[in-house]
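Here's the structure we're looking at; comments come further down.
The values are calculated or read from the model by the stated rules, or taken from the named source; none is laboratory data. Computed from a prediction, not measured in an experiment: that's the story for all the values here. Cβ placement follows ideal geometry from the backbone for every residue including glycine, while neighbour counts extend to all protein chains displayed. Keep in mind that these areas ignore ligands, DNA and RNA; they rest on the heavy atoms of the full protein, side chains included. Shrake-Rupley method; radii C 1.70, N 1.55, O 1.52, S 1.80 Å.
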Amino acid sequence: MSLTPRLLNLNLFIYPGGHHEAAWRYHESAPDRLLDLTYYQELARRAEAAKFDAIFLADGPSLPDNIRYASRFRLEPFTWLSGLAAATERIGLIATASTTYLEPYNLARLFASLDHLSRGRAGWNIVTTGAPQAARNFGLDEHPPHAERYARAREYLDVVTKLWDSWEDDALLIDQGGGVFADTERIHPVDHSGRLLRVQGPLNIPRSPQGRPVYVQAGSSQDGRSFAARYAEAVFTAHQTTGNAREFYSDIKARVKAEGRDPDQLKVLPGISPFIGSTEAEARRLHDEFNELTQPEYSLRQLRQMLGVDLSGHDLDAPFPRDLVPADGEREVNSRFQVVLDIVDRERPTIRELLHRLAGARGHWVTVGTPEQIADRIEEWFVGGAADGFNVMPPYLTGGFDTFVEHVVPILRARGLFRTEYTGTTLRDHFGLPRPTSQYGPKALV
Ligand SMILES: Cc1cc2nc3c(=O)[nH]c(=O)nc-3n(C[C@H](O)[C@H](O)[C@H](O)COP(=O)(O)O)c2cc1C
C-alpha cells in the first residue's frame, strides 16, 4: 500500500484549435496559428506551470475526410513534441504512433531519441490505427482486419521492448583514457524472427533515461483490453457516465491483476471536455454558442464513421432512427460505437441533439458547469473507482484550457487531489511508475 497520497494524473490532450468540431470558428480561437510552433510552446509552458503530467497528441497517417469543415489536419507528433521538449523541462510528452504503419526499428529510434532529448519524458500512445483510408497511403489495398492488427501489435511490443533494452544501462563507458566509448559486450542484438516481424538489432542509440517510453494504450474491445492488461501503463478511454467508467476501470484493473501485474501500475485516464462558466447558465450559453457554429455536413459524416449509418437528408429535428443502426455496420472504432449507442438508448435524442452531444469531443465526456461543479464531478470519478485521472480536452484553445487551469485546478489542489509541485523529473516519476530494467541487463546476483 503506497504511503504517498493518491493524486490525480492530468494530461492536456491537444487537438489543433480545440476538441469541439467548431472550435476554429469561435471568435476567441486563433485558426491562423495552428501551424505555429510558438502557439503550442506557449500552451505547453502553461500546462507545465499548472504541473500537468503530460501533453498528449493523437495521430493518424491519413487526412480525415472532414477537413473541409474542421481544423482536423495532423502535424507529425515527434516533430511537434521535439519542439515542445525544447520549451519545457518537466511535463511529459506522449506521442501516438501506429504499430500497423511504422516499422519497429524506426519507431524504437524515434521514441528513444525523444526520451533522451527530453531527459526522460516520452510516452507512447500505442495504436493499431482505426482509419481504413490509411492503408492506401502505404501501398495496401485493404486495411488489415482488427484482430490481425492486434496480433501484429503484440509481436511488435515484444520486438521494440527488446530494442529499447538492447543496450544495458552501463554499456556507455566514455572512457577517454582507455579509449573505449562503449562496452560492446553489453550491447545485444535482439535477433527477432517471428510470425510477422524480423528485426536483428541492436538499437543504434544507448538505453534512454526511462529505459523505454511509458506505454499508453486506448483499446476498448476485448482485444484492446487484453492488450492493455499485458503491456499498458496508462489507458485512455471514453465514457459518458460514472457507471460505464467504473465498469471499464474495474475490468481493466482485474485484467492487469490476472496478468500478474500490480493494478496501481496502470493508470486509467478517461477524457473530459469541460465548458466552464461563472454560473451554470453562463456555461450552458457557452456550450450552446459552440453548437450553433457546428455544420451538419461535418457532424453527419462523423456520425457515419461512428455508427455506420448515413443520415444525410433526414429531418435533423426528428427522433434519432435507432432501427437504422446496423448491428455490424462498417465503422472505424467499435468502442466509440457502444458509447454513442448508449447515449441514444439512454437519452432518446433527436438527430440534431445527438450531433450536438458528439460535437464537443467525439463521444468523450463533455461536462458543462461552474468550476466547483466540474471539480465535484472529477472528484466523484476519482474517488469513486472510475478514474485515476483525466485527459483534459479543452473544447477550444487556448481559452478553454486557461479557464480550467485558473479556476478548476486550484479547487482540486485545495481538496488535496492534485499536485502542487512536481516531485520528479520524468514522465514515469509523474505517473508513479518504476523504471524497467533491461531484459539483457546483468542477471541479478543470487
Ligand atoms: C483518448 C483516445 C485517444 C485515441 N487516439 C487515437 C489516435 O491518435 N490514433 C488512432 O489511430 N486511434 C486512437 N484512438 C483509438 C484507439 O487506439 C482504439 O483503436 C479505439 O479506442 C478502439 O479500441 P479497439 O481498437 O480496442 O476497438 C484513441 C482512443 C482514445 C480513447
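For this structure, a couple of remarks:
- For the stretch 41-180, taking the reciprocal of the average inverse distance between every pair of different Cα atoms yields a Kirkwood hydrodynamic radius of 17.1 Å.
- Legend: Rg and Dmax of the stretch 356-396, from Cα coordinates, 10.9, 29 Å.
- For the stretch 365-421, a Kirkwood radius taken over Cα pairs fed into Stokes-Einstein (10 °C, viscosity 1.306 mPa s) yields D = 135 µm²/s.
- Both radii were evaluated on the Cα set of the stretch 137-264; the Rg over Rh quotient, with Rh as the Kirkwood radius, amounts to 1.09.
- Euclidean distance of C-alpha centroids, the stretch 119-144 and the stretch 339-408, integer Å: 27 Å
- Helix axis angle, 222-231 relative to the chain longest principal axis, alpha carbon, degrees: 40 degrees
- Computed as a quarter of the hull surface, the mean projected area of the alpha carbon convex hull for the stretch 292-446 stands at 15.0 nm².
- Per residue, in Å², the accessible surface of the stretch 390-446 once ligands and nucleic acids are set aside, probe 1.4 Å: 46 Å²
- Think of the chain as a dipole: +1 on every Lys or Arg Cβ, -1 on every Asp or Glu Cβ, centred on the Cα centre; then among G120, P410, A87, G120 lies furthest on the positive end.
- Cα-based equivalent ellipsoid, the stretch 167-208: semi-axes from gyration tensor eigenvalues, Å: 27, 8, 7
- Hull volume per residue, based on the alpha-carbon atoms of the stretch 263-361 and their convex hull, is 141 Å³.
- Note on D402 and F138: the model spin-label points, each 7 Å out from Cα along the C-beta direction, lie 4.0 nm apart.
- Against the empirical 2.2 N^0.38 Å (N residues), the stretch 180-237 has a Cα radius of gyration ratio of 1.54.
- With all pairs of separate Cα atoms included, the stretch 1-73 yields a Kirkwood hydrodynamic radius of 14.3 Å.
- Modelled spin labels at D262 and L324, positioned 7 Å past Cα toward Cβ, are 5.2 nm from each other.
- Estimated FRET transfer efficiency when R0 is 25 angstrom, pair A87-E289 (beta carbons, to 0.05): 0.20
- Normalised convex hull volume, the stretch 39-98, alpha-carbon set, Å³ per residue: 88 Å³
- When +1 charges are put on Lys and Arg Cβ atoms and -1 charges on Asp and Glu Cβ atoms, the dipole computed for the chain relative to its Cα centre reaches about 640 debye.
- Rg/Rh (Cα only; Kirkwood hydrodynamic radius) as it applies to the stretch 197-356: 1.07
- Our estimate of slack between E297 and Q200, defined as 0.36 nm per intervening residue step minus the Cα-Cα distance, is 30.1 nm.
- Ratio Rg/Rh [Cα only; Rh per Kirkwood] for the chain: 0.97
- Unit charges at the beta carbon, dipole of the chain: most positive-side option, I205, L269, A228: I205
- Local electrostatic count, D115, Cβ distance below 15 Å [Lys/Arg +1, Asp/Glu -1]: +3
- For R154 and D191, the FRET efficiency from 1/(1 + (r/R0)^6), where r spans their Cβ atoms and R0 equals 22 Å, is about 0.75.
- FRET efficiency estimate (nearest 0.05) - Cβ-Cβ, R348 to E280, R0 25 angstrom: 0.60
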